[in-house]
There are 2 protein chains.
Amino acid sequence: MGLRERKKHQTRQALIDAGTRLFLDQGYEATTVDQIAAAVEISPRTFFRYFGSKEDLALDFTVDYAERVTGALAARPPDEPPFTALAHAFRAYVHSMEADTAESAERFVRHRRVIEANPGLLCTSIARMIEIEKRLTAEIARRQGTDPGTDPRPRLLVAFVTSAVRVGMECSVDGEAYLDDLVTSVENALCLAEAALRPGWDQFSLGSSGQVATNASSPG
Amino acid sequence: MGLRERKKHQTRQALIDAGTRLFLDQGYEATTVDQIAAAVEISPRTFFRYFGSKEDLALDFTVDYAERVTGALAARPPDEPPFTALAHAFRAYVHSMEADTAESAERFVRHRRVIEANPGLLCTSIARMIEIEKRLTAEIARRQGTDPGTDPRPRLLVAFVTSAVRVGMECSVDGEAYLDDLVTSVENALCLAEAALRPGWDQFSLGSSGQVATNASSPG
DNA sequence: TTGTCAGATGTCACGCTCTGCCATAAATTA
DNA sequence: TAATTTATGGCAGAGCGTGACATCTGACAA
């Protein structure tokens, strides 16, 4: 890796760290791009060569998130039931945060705190989840051998799991053992989701309970 | 209602209509606030006294959405199972669009087309759903007699249903009978969700299957 | 009718985000 | 070292959004 690339990587990381720190100190909205650029000693113009927007910097970690989760799903054994595979993929992600460098874990916690302190950012991060959902859906559909364009079941299954993860993250309270709490909370939500689903529903090839036109009786 | 209020209402409606039309004609991003203001013959400054942002105008209908759905849920019989009540609340909303004035229905369709043409807007509208989810969760928790602060089950249930509705809306294709397709698609997704859930899970008071710490076996 | 008052509108000025353009500086390669 | 590629900086400008102040207009009472 040449000097050029190394420098770019350093600048980029410095921008993320400086930005995150400023967001935590004085708030996301109150922090201007000029301030972040000044903190890293680059021109404001150059900032936008590294990030398309201030929001892009704040939500940069979602890119890594997407890759880790989709990667984890791809790594699950092909014969694993879809729900189990998805749940394990998300578990792998939150646990990878724990297993990671202390520095990396702190960064993650800081990111979480930033977006939790800003409803707008939180909304956008959830919205970005939709992109990830699409990729997960494609993989689930592939595994189950259905067409994601016409069969809504893979979408629904993925949406259920991501909802559970989101609820789990929402429930996690901000305290000392932030990461531990988050992992526990997500785990609880996933277990709850597992208990809420009808056994076998996620395996579309089994039985006929999943027919689109089925008018199943109320589960309640 | 005095002249003053009537004028305000007219201006507001004119802004929504002019904005929507411009968004459809030349795109959301390509439309400036100045253009919308000019179309209604008000100053750009006044625009921001009616809407906090350009996005607020584009997503104004979500306010009505929230009120109709939460209102519909509140109107469901208290002894109805939570899932059924939620599903009916959303059904009531999409059907209310059909039953409404032709003018009102057209407006709804135009709004949908605008946000569907703009991924950013679509994401934001979904993110705004979170606010609605909170209100629905509170109502479900109240019905089930649990504390929404500590028990994640109401959140999870609500998230499942809203996910199903969202997937249904995504699946609906843009064509001649837009509204009909949308209603059918949402109905399908809700039926699918119903079939996916374990019967009785949504009634927390029954059985013990919903214990937070439960380690239920995989549904798959 | 008239005067008063609250509220709506317009004007001006400003800060912030983000982009295009072009010149310059730095790193890479020959 | 020279030539090429690429990153950076500075500048100008569009667009969004806000505060402050003056003005205009319904509302309402004397």
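Per residue of peptide A:186-194, the mean number of Cβ atoms on other chains within 10 Å of the residue Cβ is 5. For a label point 7 angstrom out from the Cα of B:Glu41 toward its Cβ, which stretches of segment B:1-19 have the backbone nitrogen within less than 18 Å? Within reach of a label on B:Glu41, which here means backbone N under 18 Å from a point 7 Å along Cα→Cβ, segment B:1-19 contributes B:4, B:6-19.
In chain A, the calculated helix contribution to ellipticity at 222 nm averages -23000 deg cm²/dmol per residue, counting -39,500 (n - 2.57) for every DSSP H run with n ≥ 4.
Neighbours of A:Gln144, meaning other residues whose beta-carbon lies under 11 angstrom from its beta-carbon, give a summed charge of -1 when Lys and Arg score +1 and Asp and Glu score -1. Sparsely packed loop sites in segment B:158-197 (the GluC sites (Glu not before Pro) outside DSSP H, G, I, E and B with at most 10 other Cβ atoms within 10 Å) comprise B:Glu176. For the residue pairs A:Lys54/B:Lys7; A:Lys54/B:Lys134; A:Lys7/A:Lys134; B:Lys54/B:Lys134; B:Lys7/B:Lys134, alpha carbon separations beyond 31 Å are given by A:Lys54/B:Lys7; A:Lys7/A:Lys134; B:Lys7/B:Lys134. Given R0 = 35 Å, the distance between the Cβ atoms of A:Thr150 and B:Ser104 translates into a calculated FRET efficiency of 0.65. Could you give log10 I(q)/I(0) at q = 0.11, 0.16, 0.24 Å⁻¹ for segment A:10-97, computed by the Debye formula over C-alpha point scatterers of equal weight, without solvent? For the requested q values the scattering log ratios are -0.44, -0.68, -1.05. Couplings 3J(HN,Hα) for segment A:76-86, derived from phi with the Karplus relation 6.51 cos²θ - 1.76 cosθ + 1.60 (θ = phi - 60°), are 6, x, x, 8, 5, x, x, 4, 4, 4, 5 Hz, where x marks Gly and Pro. For segment A:137-209, the carbon plus sulfur part of the accessible surface works out to 50%, probe radius 1.4 Å. Inter-chain neighbour count for B:165-178: the average number of beta-carbon atoms from partner chains within 10 Å of each residue's beta-carbon is 2. Across peptide A:147-155, the mean count of Cβ atoms from other chains lying within 10 Å of each residue's own Cβ comes to 3. Relative to the longest principal axis of the Cα atoms of chain B, helix B:119-144 runs at roughly 40 degrees. Computed from the alpha carbon positions, the gyration tensor of segment B:64-117 leads to an equivalent ellipsoid with semi-axes of 25, 11, 8 Å, biggest first. Solvent-accessible area lost on pairing A with B (1.4 Å probe, both sides summed) amounts to about 4000 Å². Placing a pseudo-label 7 Å from each Cα along the Cα-to-Cβ vector at B:Arg91 and B:Asp64 gives an inter-label distance of 2.3 nm. Across every direction, the projection of the convex hull enclosing the Cα atoms of chain A has a mean area of 14.8 nm².
Report, for A:Gln10, each distance to the same residue's label point in the other copies, shortest first and in nm; define the point 7 Å along Cα→Cβ. Going from nearest to farthest copy, the values are 6.6 nm.
Sorted shortest first, the separations between the A:Asp79 label point and its copies elsewhere in the assembly read 4.9 nm; each point sits 7 Å from Cα along the Cα-to-Cβ line. For B:Arg45, inter-copy separations between label points set 7 Å beyond Cα along the Cβ vector come to 3.3 nm, shortest first.
Using a probe of 1.4 angstrom and keeping all protein chains present, the accessible surface of chain B works out to 46 square angstrom per residue. Going by alpha carbons, how many degrees (0 to 90, nearest 10) lie between the helix axis of B:61-75 and the longest principal axis of chain B? Result, in degrees: 40. Max-minus-min Cα coordinates of the protein assembly as shown on each principal axis give 64, 59, 41 Å, with the largest extent listed first.
Of the GluC sites (Glu not before Pro) in segment B:68-159, not one is in a loop by DSSP (not H, G, I, E or B) with at most 12 other beta carbons within 10 Å. Loop-resident GluC sites (Glu not before Pro) (DSSP state other than H, G, I, E or B) in segment A:21-96 with no more than 10 further Cβ atoms inside 10 Å of their Cβ: A:Glu41. Counting charges near A:Val165 (Lys, Arg +1; Asp, Glu -1) among other residues having Cβ under 14 Å from its Cβ returns a value of +2.
The values are calculated or read from the model by the stated rules, or taken from the named source; none is laboratory data. None of these values were measured; they are calculated from a predicted model. Methodologically, a virtual Cβ is constructed for each residue, glycine included, from the backbone with ideal geometry; neighbour enumeration extends over all protein chains shown. Surface accessibility is based on the protein's heavy atoms, side chains included, excluding ligands, DNA and RNA. Shrake-Rupley method; radii C 1.70, N 1.55, O 1.52, S 1.80 Å.
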